[in-house]
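The values are calculated or read from the model by the stated rules, or taken from the named source; none is laboratory data. Since the model is a prediction, treat every value here as computed from it, not as a measurement. Cβ atoms come from the backbone with ideal geometry, glycine included; neighbour counts cover every protein chain shown. Just so you know, the surface numbers come from the protein's heavy atoms only, side chains and all, with ligands and any DNA or RNA stripped out. Shrake-Rupley method; radii C 1.70, N 1.55, O 1.52, S 1.80 Å.
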Amino acid sequence: MSESKLFKPSNGKFYQRSDYSYVCKQQPLLMDELPEYLHTFGKWTPPKLFLAWPSDQASLLKCIERVYPSSVIRNRRGELVQTTLGALPKAIRKDFAIDPDFHDCLQVVTVALENGKHAISFAVGCTHIGMLNANLIGDIQAKLGFEEPPKWYIDPNWWTWRERRALMRRPQFSDVLAYLAYYVF
């Protein structure tokens, strides 16, 4: 795994439990400082990073209530419901007429912070999917009222480099026919 520079095991060979905090301390990365090798797939699949604004659930719900009140879901007592968070990407897609090819870039996700703790976040990009263009990100930032541009944060479930395994080819119909012709008929 010599191709990796960031987020590699502390001993350079394999991950240990203590490496999670070691890896978390190497981030966040600024939006325009993401190395090419972190979104290129070769023999090794890089850790997944989200271009996101970390927050807490209450703050994100208040943001949705302020900016997209028609997207808010309340329970019988009138309290905001957690599922309202899932309405934010949909509202942004509609409000900014996001190209369907980039819909998956908009997500409410959990990211790992520098201290290893997790935070709910609104993401506008992912190293395994892609990201929105910088102008659109700036427009979304202004609309939602975030003070700083988003940064790249690591996914707490996919924080290691992983060796890519060869994918098995799915059998084709002709393979099944050949098998049947040889072994059955």
message = Just to be sure before I move on: is residue 84 among the β-branched types (Val, Ile, Thr), over 22 Å from residue 138 (Cβ atoms) and under 15 Å from the mean Cα position of the chain (by Cα) in the structure I sent?
response = no
request  = Run residue 116 past the list (1) of a type in the set (Gly, Ala, Ser); (2) more than 20 Å from the chain's Cα centre (by Cα); (3) surrounded by fewer than 16 Cβ atoms within 10 Å (Cβ to Cβ) and report the number of the one that doesn't hold.
outcome  = (2)
ask   = Of the conditions (1) under 26 Å from residue 141 (Cβ atoms); (2) aromatic (Phe, Trp, Tyr); (3) over 19 Å from the mean Cα position of the chain (by Cα), residue 50 fails just one. Which one is it?
value = (3)
note = residue 133 fails exactly one of (1) exposed (fewer than 15 other Cβ atoms within 10 Å of the Cβ); (2) modelled with pLDDT of 95 or more, namely (2)
inquiry  = For region 78-93, check the following and say yes or no: at least one residue is under 13 Å from residue 129 (Cβ atoms), open to solvent by less than 90 Å² (accessible area, probe 1.4 Å) and not aromatic (Phe, Trp, Tyr).
reply    = yes
remark   = Within region 119-130, residues open to solvent by 70 Å² or more (accessible area, probe 1.4 Å) and either under 22 Å from residue 64 (Cβ atoms) or assigned to a helix (DSSP H, G or I) (or both) come out as none
query = Among the candidates 25, 13, 43, which residue alone is open to solvent by 60 Å² or more (accessible area, probe 1.4 Å), out of contact with any helix residue (DSSP H, G or I) (no Cβ under 9 Å at 6 or more places or on another chain) and at pLDDT 90 or above?
reply = 25
query = Would you say residue 19 is modelled with pLDDT of 85 or more, open to solvent by less than 50 Å² (accessible area, probe 1.4 Å) and of a type in the set (Asp, Glu)?
reply = yes
message = Looking only at region 103-137, count every residue that is in contact with a Leu (Cβ under 8 Å, 6 or more places away or on another chain), free of Cβ contacts under 8 Å to residues at least 60 places away in the same chain and not aliphatic (A, V, I, L, M) and tell me the total.
response = 1
key: Selection status of residue 15, part of a loop (DSSP other than H, G, I, E, B), closer than 20 Å to residue 161 by Cα and among the aromatic types (Phe, Trp, Tyr)   = yes
task = Considering (1) modelled with pLDDT under 90; (2) in a helix (DSSP H, G or I); (3) of a type outside the set (Gly, Ala, Ser), say which one residue 92 fails and leave the rest.
result = (1)
key: Residue list for region 35-58, filter: in contact with a Leu (Cβ under 7 Å, 6 or more places away or on another chain) and part of a strand (DSSP E or B)   = 49, 54
